[in-house]
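Got a structure for you, written out below as structure tokens; questions coming shortly.
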Amino acid sequence: MNKNIKLAVAGAVLALSATANAGIIIPAGDWTLDVNGNVNTFANYTRADSSTGTADTAINTAEGCAATSIVCGGLASQRDANSLGQEKKQLGINTGLLPSWLGFTGKTRQNDLDVEFTMSIQPNVSDNSAAGDNKTPLFRQTYLSFGDKSWGSIKLGKDIGIFASDAILNDMTLLGVGGGAGNSGASTTLGGIGSGYIYAAWKGQIAYTTPNMNGFQATVGITNPNQLAGATGNQDRYGFEGKASYSFAANDVTGKVWVSGATYDASVASTAGVAYVAADSDTAGVNYVAATTGSSRTVSVADIGANINVAGFGATGYYYQGKGAGTTLLGANGWSGANKRDSDGGYVQLTYVLPTKTKIGAAYGVSNLDRASGEAASSLVSENERYTVGAYHPLTKHLNLVAEFNNVESKAHNNNKTESQTYSAGAILFF
């Protein structure tokens, strides 16, 4: 099975023996080919509670949100008293957090080097067009790697980002839905992205990974310098990302501890100030967003996490903190004018395997976004909070049935609030 699919499965610790298998192995001369992936589909019912508060048109427009947004950057489905925004009920048939996947990996040993390539595509399972065939698939991986267990490996190409990758790979909703479900046609849901961690994303990179040294391993790399939400134009330098982890096993106890971080220079264009208007707020003479001149700004973020499993019980804890890193996507809403907004968040997760082999789990996650220095209160998101309860049952060696309930609540700095609940049921098949 593709290395990142393996990590996703092992990290989520949900599919038991059903997903601990290799893909379809094909010997081909000097090469060993692995055709691998998954197909998953979920029926989702989302109910949006009535939102409280009034949209701030100016800040919504400045931050790239719909003018009617009650919480700009909020992840909960919104429905205000006048039925603006989204419908009270949303129905969808979609993939979950992990997209359906078809991967091709080739491995060989040449000149004392382990050489590998991986390419993958992620087709959708639903499309809202009349013909149902207009959705463009995702292409998340195209990379090569080479190395040896004595000194490590080097990867060149597009793969999951280094920072925060362990946060998503240990999220139990990776085999389910989490937040962000709605009408059909979306590529994926959000899981705990934006309500517990920042999305690692899929990035062009050149990275070095050390050999495994009695459980300790580290990765450092340069990443696509132009892949930062809110940045414009070419960047002044590459992004830098890195992580270190320690995995351990003793008797029936297994676990992992990790830290990771990222830093980018964000190139931004000149902007005009965005002021309050009478229809938006009673606060006079204060800008939502100050005027700026074009400049390069540094974004930095770091995290720490741990996972432990013993006697059928599993526990995961995770925390991150950033400056200018924003929320949900790296860099999104990270600045007000020339001033950084601080952000932090994390999640806790508990799971247990029943005698029937069904894994049940509960999780709580939150992502916070502070106001910048001198910034007035507005409808910009201050907090996205999520509760998840799920059950994951291995029906066969490769097939898992999944049921989840997710409650997402979004709050703004001016006390605006939206809340929604999603009920999901479906299946995920690995090969």
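The values are calculated or read from the model by the stated rules, or taken from the named source; none is laboratory data. Just so you know, these numbers come straight off a predicted model, no measurement behind them. No Cβ is skipped: glycine too gets one built from the backbone with ideal geometry, and neighbour counts run over all protein chains shown.
Taking the range 219-240 only, how many residues are in contact (Cβ under 8 Å) with a residue 12 or more places away in the chain, surrounded by fewer than 19 Cβ atoms within 10 Å (Cβ to Cβ) and of a type outside the set (V, I, T)?
Taking the range 219-240 and keeping what is in contact (Cβ under 8 Å) with a residue 12 or more places away in the chain, we get 219-225, 227-240.
Those left that are additionally surrounded by fewer than 19 Cβ atoms within 10 Å (Cβ to Cβ): 220, 222, 224, 232-238, 240.
Adding the requirement that they be of a type outside the set (V, I, T) leaves 224, 233-238, 240.
Going through the range 219-240 one residue at a time, the tally reaches 8.
OK, next. Of everything in the range 41-53 that's surrounded by fewer than 24 Cβ atoms within 10 Å (Cβ to Cβ) and modelled with pLDDT of 85 or more, which residue is nearest to the chain's Cα centre (by Cα)?
The initial filter retains those residues of the range 41-53 that are surrounded by fewer than 24 Cβ atoms within 10 Å (Cβ to Cβ), namely 41, 43, 45, 47-50, 52-53.
Okay, now just the ones that are also modelled with pLDDT of 85 or more, so 41, 43, 45, 47-49, 52-53.
On the way: T41: 19, A43: 21, Y45: 21, R47: 22, A48: 22, D49: 25, T52: 27, G53: 28 Å.
Only one residue fits best here, namely T41.
Under 8 Å by Cβ, and 6 or more places apart or on different chains, what pairs join a residue from the range 102-116 that is in contact (Cβ under 8 Å) with a residue 24 or more places away in the chain with one that is exposed (fewer than 14 other Cβ atoms within 10 Å of the Cβ) and among the acidic types (D, E)?
T108/D30; Q110/D30; D112/D148; L113/D148; D114/D148
Between G305, G361, which is over 18 Å from the mean Cα position of the chain (by Cα), assigned to a strand (DSSP E or B), touching a residue at least 60 places away in the same chain (Cβ under 8 Å) and over 30 Å from G53 (Cα atoms)?
G361 is the lone residue from the list that is over 18 Å from the mean Cα position of the chain (by Cα), assigned to a strand (DSSP E or B), touching a residue at least 60 places away in the same chain (Cβ under 8 Å) and over 30 Å from G53 (Cα atoms).
Output the number of the condition that E404 fails; it satisfies all remaining conditions of (1) more than 17 Å from S195 (Cβ to Cβ); (2) in a strand (DSSP E or B); (3) touching a Ser or Thr at 6+ places or on another chain (Cβ under 9 Å).
(1)
Just name the residue that is modelled with the highest pLDDT out of those in the range 77-106 that are of a type in the set (D, E, K, R) and buried (at least 16 other Cβ atoms within 10 Å of the Cβ).
Ranking the qualifying residues of the range 77-106, first place goes to R79.
Among the candidates Y143, Y199, single out the residue that is under 19 Å from G221 (Cα atoms) and in a loop (DSSP other than H, G, I, E, B).
Y199
From the set of residues in the range 110-131 that are of a type in the set (V, I, T) and either outside any loop (DSSP other than H, G, I, E, B) or in contact with a helix residue (DSSP H, G or I) (Cβ under 7 Å, 6 or more places away or on another chain) (or both), which is farthest from G185 (Cα to Cα)?
V115
Here's something else I'd like to know. Residues being surrounded by fewer than 23 Cβ atoms within 10 Å (Cβ to Cβ) and either part of a loop (DSSP other than H, G, I, E, B) or within 20 Å of the chain's Cα centre (by Cα) (or both): count how many of those fall in the range 383-396.
Within the range 383-396, residues that are surrounded by fewer than 23 Cβ atoms within 10 Å (Cβ to Cβ) and either part of a loop (DSSP other than H, G, I, E, B) or within 20 Å of the chain's Cα centre (by Cα) (or both) number 6.
While we're looking at this one, here's another question. Being more than 28 Å from T316 (Cα to Cα) and among the aromatic types (F, W, Y) is true for just one of Y238, Y208, Y246. Which residue is that?
Y238
So, of the residues in the range 127-155 that are modelled with pLDDT under 90 and in contact with a Lys or Arg (Cβ under 9 Å, 6 or more places away or on another chain), which turns out to be farthest from M213 (Cα to Cα)?
Among those residues, the one meeting the criterion is S129.
Working only within the range 63-80, note down all residues that are in contact (Cβ under 8 Å) with a residue 40 or more places away in the chain, part of a loop (DSSP other than H, G, I, E, B) and more than 15 Å from A181 (Cα to Cα).
Selection gives E63, S69, I70, V71, G73.
Specify the residue that is nearest to G196 (Cα to Cα); the eligible residues are those in the range 313-322 that are surrounded by 18 or more Cβ atoms within 10 Å (Cβ to Cβ) and of a type outside the set (S, T, Y).
Restricting attention to the range 313-322, the residues satisfying the condition of being surrounded by 18 or more Cβ atoms within 10 Å (Cβ to Cβ) are 314, 316, 318, 320, 322.
Keeping just the survivors that are of a type outside the set (S, T, Y) gives 314, 322.
Numbers: G314: 18, G322: 13 Å.
Step by step, filter the range 313-322, then rank; the result is G322.
A follow-up question, please. Could we say that I162 is of a type in the set (V, I, T) and under 18 Å from the mean Cα position of the chain (by Cα) here?
Judged against the criteria, I162 is a match.
Which residue out of V299, V310 is modelled with pLDDT of 85 or more, surrounded by fewer than 18 Cβ atoms within 10 Å (Cβ to Cβ) and touching an Asp or Glu at 6+ places or on another chain (Cβ under 8 Å)?
Among V299, V310, only V310 is modelled with pLDDT of 85 or more, surrounded by fewer than 18 Cβ atoms within 10 Å (Cβ to Cβ) and touching an Asp or Glu at 6+ places or on another chain (Cβ under 8 Å).
Is there a residue being more than 24 Å from S379 (Cα to Cα) and modelled with pLDDT of 95 or more anywhere in the range 263-281?
yes
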